[in-house]
Amino acid sequence: MFSKSKINDPAPKSDTDTSSTAASSMSTSPSAPKQSDFKASTPKAKPPASILSSDLHITGNLKTTGDIQVEGTVEGDIRAHLLTIGETATIKGEV
């Protein structure tokens with residue numbers, strides 16, 4: 001009633017040997033330093049500010065732990081780590 005499908009049969013040994021040889025040659029090549037080494041030595045770079053362009057009109061509150069640069073119109077409260085308001089920006093709410 002149930003039988004093993006030919007699809008599940010392992011590949012011929014000649015194909016397996018070729019992939020094993022390729023894998024072993026890859027492992028002998030010089031490897032890159034571990035990522036944990038980078039974490040300890042270099043601090044995380046600060047992401048750039050999110051920019052709300054001059055043609056953007058937002059109705060609602062904005063809240064972020066990052067930085068925002070507003071060039072457009074915002075009708076609502078803004079909470080951010082650093083807020084930069086452009087010359088053409090309009091904000092109707094608490095900052």
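Bear in mind these aren't lab numbers, they're just calculated from the coordinates by the rules spelled out. As the structure is a prediction and not an experimental result, all values here were calculated from the model. Don't worry about glycine lacking a Cβ; one is built from the backbone with ideal geometry, like all the others, and counts go over all protein chains shown.
Just the number, please: Stokes-Einstein D of the stretch 50-92 in µm²/s, Kirkwood Rh from C-alpha pairs, 25 °C, 0.890 mPa s. Write out the running numbers ahead of the final one.
Working: Rh = 10.0 Å.
Translational diffusion coefficient: 245 µm²/s.
Could you work out the relative contact order of the stretch 50-92, using alpha carbon pairs under 8 angstrom and six or more residues apart, expressed as a whole percent?
Working: 98 pairs, mean separation 16.7, N = 43.
39 percent.
Return the long-range amide H neighbours of residue 84 (sequence gap of 5 or more, or a different chain), with a cut-off of under 5 Å between placed amide H atoms.
Those qualifying (amide H under 5 Å, at least 5 residues apart or on another chain) are 68, 69, 70.
Separation between the residue 81 and residue 64 pseudo-spin-labels, each 7 Å from Cα along Cα→Cβ, expressed in nm?
1.1
Near the amide H of residue 62, under 5 Å away, which other amide H atoms are found, from residues 5 or more places off or on another chain, if H is placed in the peptide plane?
Sorted by chain and number, the residues that satisfy this are 77, 78, 79.
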